[in-house]
Amino acid sequence: MSIRKKVLSGFFLVSVFGLIFGITGLISAQQFASKAEELGLYSAKANKFTSIMNAHHEWRIGLLRAIMTGTEFRGSLDPETCALGNWLTGEESKNETDGKILNLLNTITAPHNYIHYEASKALDLLNGGDKVGAEDFLINQIMPKFDEVITNLTAINYRLSELVNERETEVALIASNTTSITIVIIVVVMALSVVLALYISGMISRSVNALVVMFRKAEQGDMTARSGLNQKDEIGIVANAADQFFIKLQGIIKDIHMHSDTLSGASEELSAISRRLCSAVD
């Protein structure tokens, strides 16, 4: 594999971990946003039912004051126009999915309708001059049903508080898990980057150092020096070419030495012949 491919492979591997980190962060962000939205909805709903319960307490006080003191009753006698009735007939109640809350809403409907419809009877008794009958009807008929309404509203509020706490726990857990995953991925990416950097730089430096050692030996006249590299990358190609160069150069030098010896012998023979010729002439 070429050096370029090795470097690109290393960066690709780091990029994959970066992509995993990005996808994990995106999923966690979506989960966090979803749970945070649910938390906001349940918190708003809990506040709404608190105001509904307070409105019904005020309704009871107004009815008591009207019957006991004769003041005008300004509360609603229609169960669909009071605070709870408006909520029950609205879109928010239709979108309710929690089973416990739906059961409580089904349970509260009958006593809630009763107190509003029967309040008009108590007021009719009062307006007809039967104050004692109105007080008795209020205390013995309306108030027990009113207590049922308040009990159910309190239970709904408690359930909403549970849901709020559950969402708060889930949001905190998602945030904690996201932080942990982020830290792990950052550490892994950093460690992988360091390992890849050390591997690639070490691979290049070792190969280059082997070539430097070979050329220094050759510089000192050692034509037997070889790189000893069998890599398939660019440095391996250069090292193999250098090895072949020195092999051929070593062969040339051997040929030169061999021919030099032959020429030296021939020269000595010619010198001997020349000396004999000179002796013969003399």
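Using the structure shown, decide if Ala134 is of a type in the set (A, V, I, L, M), exposed (fewer than 14 other Cβ atoms within 10 Å of the Cβ), more than 30 Å from Ser34 (Cβ to Cβ) and in the same structural domain as Phe73 (by TED's automatic domain parsing). Don't jump to the end; show me each part of the working.
On the way: of a type in the set (A, V, I, L, M): yes; exposed (fewer than 14 other Cβ atoms within 10 Å of the Cβ): no; more than 30 Å from Ser34 (Cβ to Cβ): yes; in the same structural domain as Phe73 (by TED's automatic domain parsing): yes.
Considered against the rule, which asks whether it is of a type in the set (A, V, I, L, M), exposed (fewer than 14 other Cβ atoms within 10 Å of the Cβ), more than 30 Å from Ser34 (Cβ to Cβ) and in the same structural domain as Phe73 (by TED's automatic domain parsing), Ala134 comes out as no.
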Discussion item. Could you tell me how many of the residues in segment 50-107 are in contact (Cβ under 8 Å) with a residue 24 or more places away in the chain, closer than 18 Å to Leu125 by Cβ and not β-branched (Val, Ile, Thr)?
Written reply: 9
Worksheet entry | Exclusive hit being in the same structural domain as Met53 (by TED's automatic domain parsing), assigned to a helix (DSSP H, G or I), charged (D, E, K, R) and surrounded by 17 or more Cβ atoms within 10 Å (Cβ to Cβ), set Glu170, Glu166 | Glu170
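Pull up segment 196-246, narrow it to residues that are aromatic (Phe, Trp, Tyr) and touching a helix residue (DSSP H, G or I) at 6+ places or on another chain (Cβ under 9 Å), then point me to the one that is surrounded by the most Cβ atoms within 10 Å (Cβ to Cβ). Before the answer, list the steps.
Taking segment 196-246 and keeping what is aromatic (Phe, Trp, Tyr), we get 199, 215, 245-246.
Next, only the ones that are touching a helix residue (DSSP H, G or I) at 6+ places or on another chain (Cβ under 9 Å) stay: 199, 215, 246.
Details: Tyr199: 12, Phe215: 14, Phe246: 20.
Looking at the filtered set, the residue picked out is Phe246.
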Worksheet entry | Residue list for segment 238-260, restricted to those being of a type in the set (A, V, I, L, M, F, W, C) and touching a Ser or Thr at 6+ places or on another chain (Cβ under 9 Å) | Val238, Ala239, Ala242, Phe246
Worksheet item: If only one of Ile139, Ile156 is surrounded by fewer than 19 Cβ atoms within 10 Å (Cβ to Cβ), modelled with pLDDT of 90 or more and assigned by TED's automatic domain parsing to the domain that holds Thr50, which one is it?
Response: Ile139
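Under 17 Å from Leu41 (Cβ atoms), in contact with a helix residue (DSSP H, G or I) (Cβ under 9 Å, 6 or more places away or on another chain) and assigned to a helix (DSSP H, G or I): is that true of Asn157 in this structure?
On the way: under 17 Å from Leu41 (Cβ atoms): yes; in contact with a helix residue (DSSP H, G or I) (Cβ under 9 Å, 6 or more places away or on another chain): yes; assigned to a helix (DSSP H, G or I): yes.
For Asn157, the condition - under 17 Å from Leu41 (Cβ atoms), in contact with a helix residue (DSSP H, G or I) (Cβ under 9 Å, 6 or more places away or on another chain) and assigned to a helix (DSSP H, G or I) - is met.
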Worksheet, complete the sentence: Of (1) in contact (Cβ under 8 Å) with a residue 12 or more places away in the chain; (2) farther than 20 Å from Ser51 by Cβ, Pro144 satisfies every one except (1)
Fill in: Extreme residue, surrounded by the most Cβ atoms within 10 Å (Cβ to Cβ), among residues of segment 73-111 that are part of a loop (DSSP other than H, G, I, E, B) and within 44 Å of the chain's Cα centre (by Cα)
Asp98
Fill in: Number of the exception - Arg60 against (1) among the basic types (Lys, Arg); (2) surrounded by 15 or more Cβ atoms within 10 Å (Cβ to Cβ); (3) within 30 Å of Arg167 (Cα to Cα)
(3)
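The values are calculated or read from the model by the stated rules, or taken from the named source; none is laboratory data. This structure is a prediction, so every number in the text was calculated from the model and none was measured. Cβ coordinates were reconstructed from backbone atoms using ideal geometry, including for glycine residues, and neighbour counts include every protein chain displayed.
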